[in-house]
Amino acid sequence: MKGIPNETSPQDDANAELIQSEKMASLGLLSAGLAHEINTPLGAIHSNNDTIARGIEKMKHLLAEKGDADNRRAALDLLGLLEEVSQNTSLATERLMNIVGSLKNFTRLDEAEFKKADIHEGLESTLTIVQHKLRERIAVKKNYGKIPLVECYPNRLNQVFMNLIVNAAQAIHDRGTITIETSLQGDSVRVSISDDGGGIPAENLPKVFDPGFTTKGVGVGTGLGLSICYQIIQQHQGKIEVESGNGKTTFTMDLPITHKKDERLRMQARQGAAIKKKR
Amino acid sequence: MAEKYLPVILLVDDEEMIITSIKSFLAIETEYHLMTYTSPLKALEDLDNKVKKVDLVISDYLMPEMDGISFLAEVKKRMPLVPRILLTGYADKENAINAINNVGLYQYIEKPWNNDDLRLIIRNGIEKTHLLNELEAKIREVEKVHKELHDVHKEILKVFV
């Protein structure tokens, strides 16, 4: 692992800017899919509400007329239908709340500071956000171990998880599996994300963390994703490694559970630089 | 009493949620026979084997098995005259417009949709099917009469020549 400079330098400022722009780029890529994810429950709610209003009007007419057996049956049928529509609205609302909750959890704008966080929670909210990229095409296998909270910048780690999961999904051309594992390794937490999408050619393997290296073609990737993952993990005094072979690629991260006080101050200084740049 | 003919609509969306919404609205405001599928592949299978007549097809765009444009292109191969409608999230509008031009779609509807618009588009689409069917029947009739006329003409010629 490379050393980390003691103070923020102009290079840090440039890096912070890079991280921010990559984050925006990846959110941009996601927003098209997110719009579809949101428009599905929104479309259902919009239509359901209209259907309920129409149903209520019809019900009024039915009740105003003289109640014979036919009318009574029609009214009961209508009520049954309205009940189903209202249940459907509940499902749709729940789905929307889930999406918004995950977005909030993912960006963690309200808690950009260094804190103890649940890695599993971060993985889960990231998975919800990238769901439309996976859909039924890709199965996600989770082998979560018993791990403690980790001192980190949760929003930054989520950015790493998102990058790795989206990369894995893009590596799988047809159907496949993404496996996410967590475990406790001494005083670190290990998170590994693997895919069975065919693997990375041996000659490319040493280059994957280089800024600008991409095999995805213009417009698909910025070529910065993995280099930024590398930086973020470094800032957490952690390690990230890649292994590929037999059609399988695995990214493994080791994240220290706690940090010494002076390290923490340095990380906060870096985060400060990032926030300064953003404004 | 003879049963009234109800136009048949085939709706495909991988989201049960959307199917329930559209089904309920159509049940309350219209009289159509609605067939729903969450799997475009199953819908094609049924079109090949079971389903005899369809008046209109509506499909979602983004589905895991196959996208709505490919599905509607497959439907076109089987039933070229049936109007095809694409249901799409705003994000893929550009794709939808391309598809309307390439695959020859009748219309596209954006999610979230307006129920009155949906009803109108369906009604117009079905009317189009009926007009096309009538036109086809008329053309066949004209051809038949034309052939009869031609035969009579031949007979007359035989008598005189």
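Using a 1.4 Å probe on protein heavy atoms only, how many Å² of accessible area do A and B hide from each other, summed over both chains and rounded to 100?
Counting protein atoms only, the buried area is about 2300 Å².
Please tell me which of these pairs span more than 30 angstrom C-alpha to C-alpha: B:LYS128/B:LYS154; A:LYS66/B:LYS52; B:LYS52/B:LYS144?
With Cα atoms farther than 30 Å apart: B:LYS128/B:LYS154; A:LYS66/B:LYS52.
Could you give me the radius of gyration and the Dmax of segment B:52-129, taking only the C-alpha atoms into account and expressing both in angstrom?
11.8, 35
Based on the alpha carbon coordinates of segment A:50-166, what radius of gyration and maximum Cα-Cα distance (Dmax) apply, in Å?
23.4, 70
Place +1 on the Cβ of every Lys and Arg and -1 on the Cβ of every Asp and Glu in chain B, take the dipole about the Cα centre, and give the residue among B:ALA137, B:ASN124, B:VAL152 whose Cα lies farthest towards its positive end.
So the residue furthest toward the plus end is B:VAL152.
Ignoring ligands, DNA and RNA, what percent of the 1.4 Å accessible area of segment B:79-161 is carbon and sulfur?
Here carbon and sulfur together make up 58 percent of the probe-accessible area.
Given a 1.4 angstrom probe, what's the average accessible area per residue across chain B, in square angstrom?
Value for chain B: 57 Å² per residue.
List the pairs from A:LYS133/A:LYS248; A:LYS116/A:LYS207; A:LYS207/A:LYS248 whose alpha-carbon separation is above 21 Å, in the order I gave them.
From the list (A:LYS133/A:LYS248; A:LYS116/A:LYS207; A:LYS207/A:LYS248), the Cα-Cα distance tops 21 Å for A:LYS116/A:LYS207.
Can you give the mean number of other chain Cβ atoms that lie within 10 Å of the Cβ atoms in peptide A:135-148?
For this peptide, the per-residue mean of nearby foreign Cβ atoms is 1.
Just tell me which aspartates and glutamates come within less than 18 Å, Cα to Cα, of A:LYS260; anything on the same chain fewer than 8 places away is out.
Within reach: A:GLU7, A:GLU113, A:GLU151, A:ASP187.
Which entries of A:LYS60/B:LYS42; B:LYS76/B:LYS111; A:LYS60/B:LYS4 have Cα-Cα distances beyond 31 Å here?
A:LYS60/B:LYS42, as the Cα separations exceed 31 Å there.
Taking 25 Å as R0, compute the FRET efficiency from the Cβ-Cβ separation of B:ARG123 and B:LYS50 and round it to 0.05.
The computed FRET efficiency comes out at 0.45.
Taking R0 as 45 Å, what's the FRET efficiency between A:ASP70 and B:SER70 from their Cβ-Cβ distance, rounded to 0.05?
0.45
The values are calculated or read from the model by the stated rules, or taken from the named source; none is laboratory data. The model shown is predicted, which means the values in this text are computed figures rather than measured ones. Ideal geometry is used to build each Cβ from the backbone, glycine not excepted, and the neighbour counts take in all protein chains shown. Just so you know, the surface numbers come from the protein's heavy atoms only, side chains and all, with ligands and any DNA or RNA stripped out. Shrake-Rupley method; radii C 1.70, N 1.55, O 1.52, S 1.80 Å.
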